[in-house]
1. Would you calculate, for chain B, the mean residue ellipticity at 222 nm contributed by helices, counting each DSSP H stretch of 4 or more residues as -39,500 (n - 2.57) and dividing by all residues, to the nearest 500?
2. Could you give the size of the charge dipole of the protein assembly as shown about its Cα centre, using +1 on the Cβ of each K and R and -1 on the Cβ of each D and E, expressed in debye and rounded to the nearest 20?
3. In sequence order, what are the phi-derived ³J(HN,Hα) couplings for region B:302-317 according to the Karplus relation 6.51 cos²θ - 1.76 cosθ + 1.60 with θ = phi - 60°, rounded to whole Hz, with x for glycine and proline?
4. DSSP beta bridges in region A:129-198, what fraction antiparallel, as a percent rounded to 5?
5. What is the spin-label model distance, in nm, from A:LEU244 to A:THR91 if the labels are put 7 Å beyond Cα along the C-beta direction?
6. To the nearest Å, what is the center-to-center distance of region B:329-387 and region A:399-441, using C-alpha atoms only?
7. Just want the ordering: A:GLU202, B:GLU116, A:GLU225, from fewest to most Cβ atoms lying within 10 Å of their own Cβ.
8. Can you tell me the 0 to 90 degree angle between the C-alpha axis of helix A:223-233 and the longest principal axis of chain A, rounded to 10?
Protein chains: 2
Amino acid sequence: MSVEVVIHNGTLVTVDDRMRIIDNGWIGIHEGVIRTIEATAPESPPPTAKMTIDAAGGIVMPGLVNTHTHLPMSLFRGLADDLPLMDWLKTHIFPAEARFIDPETVRWGTLLACAEMLLSGTTCCCGGYFHEDAVARSVAETGLRAVLGQGVIDGPAPGVPDPANNIAYARNYAQHWKDRSRLIAPSIFCHAPYTCRERTLEAAKAVADELGLIFQVHVAETRFERDQSIKEKGLSPVAHLDRLGILDRRTLLAHCVWVDEADIATIQQRGCAVAHCPESNMKLASGIAPVTAMQSAGVTVSLGTDGCASNNNLDLFGEMGTAAKLHKVATFDPTALNAASVLNMATIDGAHAVGMADRIGSLEIGKQADIVILDTRTPHLTPMYHPESHIVYAAGGADVRHVLVAGRQVVRDRRLLTIDIGEVIDRVNAIGREIRSSLNVITHKE
Amino acid sequence: MSVEVVIHNGTLVTVDDRMRIIDNGWIGIHEGVIRTIEATAPESPPPTAKMTIDAAGGIVMPGLVNTHTHLPMSLFRGLADDLPLMDWLKTHIFPAEARFIDPETVRWGTLLACAEMLLSGTTCCCGGYFHEDAVARSVAETGLRAVLGQGVIDGPAPGVPDPANNIAYARNYAQHWKDRSRLIAPSIFCHAPYTCRERTLEAAKAVADELGLIFQVHVAETRFERDQSIKEKGLSPVAHLDRLGILDRRTLLAHCVWVDEADIATIQQRGCAVAHCPESNMKLASGIAPVTAMQSAGVTVSLGTDGCASNNNLDLFGEMGTAAKLHKVATFDPTALNAASVLNMATIDGAHAVGMADRIGSLEIGKQADIVILDTRTPHLTPMYHPESHIVYAAGGADVRHVLVAGRQVVRDRRLLTIDIGEVIDRVNAIGREIRSSLNVITHKE
């Protein structure tokens, strides 16, 4: 069988059903799809291909899937830290959004976020924000695979000043992007049950169902949200969404920090996936999601970075390490969330969460060639006893050397091939200077 | 005034008493000491020097101080994860140590650890292990600043098969290294109150006092240790050490996870510093140290990575981010451990902990030129509103571009100038292969 691309001389961490690890293996790719996965034998070397990528003894693994983020918020990275959630939102993020978020700034913020994700090994993300058409056009330039939700909220939002137009705007966006791009899937992103009325949630979910899209929603992020929901509606946030018929296999629930046993049972029965964002939840002091309980109940729990205003980066390798360690100490069980299970969360479970497990999330014949190659010839990845341990506990996004999405190389030797990163950095710095001067950010303590 | 080295074109994050940040500043260094720190003015540019380092618009900051690690344990990185502490120690680490730790393997493990630390911005570490003379000789080759403690434990240890010789061996080591090297300070490292008898602890502390050395000890790492101490001695581990007269300004307490208010008051009154190791404590499910309570009580809390068998890397940037986020969620207070305070912990507080606050830990005139320069022209450090936020929440060790220790450049453009890293990696990989084959590490799940 002819192949266009061969990747060889690496340790293949397949993340298939058997978590196979193949020392010195090779992968053949044709028309963007993985056609061969084999151990390299001296008597049958990999075939000659148009392009051959030497993994140089490193780790070859599936691209990471970041299931919760807000791409343009890269513009606000580190603008305001160490604040209570509501103070952070109301005195910093919302004013900055009202003043500076438009299709042009969204474009540069999105390109910056895509650059960061590709360079750190994320090949598919699921995001939601406003001006999502500008987001989708920008992502499409970069070669990243993405599920992108237009935001819906019952209040004035960037691009949708009158919330009465929310649903129509989102529907328009989704219809425009439906089946338009091989790599971009539109989605609907309802902000949260506490910012969207029942009829908004129902109408937004109806649009998602009509078009067969992933429906994203923040749920049970803070104790305050949970308590307020119970006080006002007599129902937990999850139970409230369930009563509205929102929960099913195409609904992706972000956070789920404050969920109880009944909520978890509901999530499992409806087949929803969860996007766990440990670093954001820690930084905003929201709490620790009961991930081990959700997994034990059979819920698919994937990993997200959240927007990089609350993290403050989009490095899913870091998120893996944090998740693995956080749930050990939270449960006092050092065997909780072992390396293999966390690697699953960041790959195949993420693929399940965004409805793409048949296409991405593992190195298997017939799947899209979304592949990351790590450089392991560095002090901090030496020696190597277990590759999956290094991926979760020792590596970082900076160890990513090559990245392919659908068989197309988008990062080569740590350099982006699809984005003029110098221009993006200059543009975002210019936007940052405007934000800084108008919001009187204090940078000098002299 | 003449200077030998000038660093210019960077944002200086001084970590001085006022946490001054100087945009576009320059630093003059002479004979290893900082002589000038100034904002760059067009009318008075920095002077010409023998060596000029262009920070290229990046962050110039004090080198990080890692106050708790075990350098040669880099050989066991990722050998055994996701296990209970005692199982991990007894079935994996202790057997591997008994069989493979000798002066030659210690040498290569130490060089690997120093390479990793220097490349990730640590310019001073405080470690403890066995065969510490081999450790010290190796560290001295690399140009890293270090406090290095010979291990003392009431049981057979690498290099000291008969524990009756423990104290004499440690005293010999310390006396040999006392005032021998400008960058290496010897120390005594008693393993823990549960592995050292009272007379061992007292005798070891007496040696440290006699020679004026830092005394390191693991204390109150696990709940089991605390409970056992109370059951057997009627005293908490801290109270037990206090009764023995071990606690004073030259005693550095590693972990302090299971300390109560009385313990904290004792630690504060005696003037001990604490080495907080959040990632190790999380990964081994030991617990969350009450860092905010210790700091409120006036205790100096520094940061350590622990050995990289339990972390699994030595990146103190990652440790800063973890500490900042962990204590927010642990206390449900998003204002806890703000970026500036965590940066303090990893620099000047670390310098205090190892008794060197007069010489290192900040960019100030008269201090040693232990300096790190970060490359900030990357997607994940763009835009930049607050440099200290990026250092703690967004940067990683891989962002370190240049490193100086005592004015000597040891890392240039991410390359080590003092270590043949290719040789070190090859040697450690060879040791790793031996360990793997003899311990039957399972790497294939096929």
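We did not get these values from a lab; they are worked out from the coordinates using the rules stated. Computed from a predicted structure; not experimentally measured. Virtual Cβ from ideal backbone geometry, glycine too; neighbours counted across all protein chains shown.
1. -10000 deg cm²/dmol
2. Charge dipole of the protein assembly as shown: 320 debye, to the nearest 20.
3. So the J values, rounded to whole Hz, are 9, 10, x, 8, 6, x, 8, 7, 10, 9, 10, 9, 10, 7, 6, 5.
4. 10 percent
5. Each label point is offset 7 Å from its Cα along the Cβ direction, giving 3.1 nm.
6. 26 Å
7. Going from least to most buried by this count: A:GLU202, A:GLU225, B:GLU116.
8. Helix A:223-233 sits at roughly 50 degrees to that axis.
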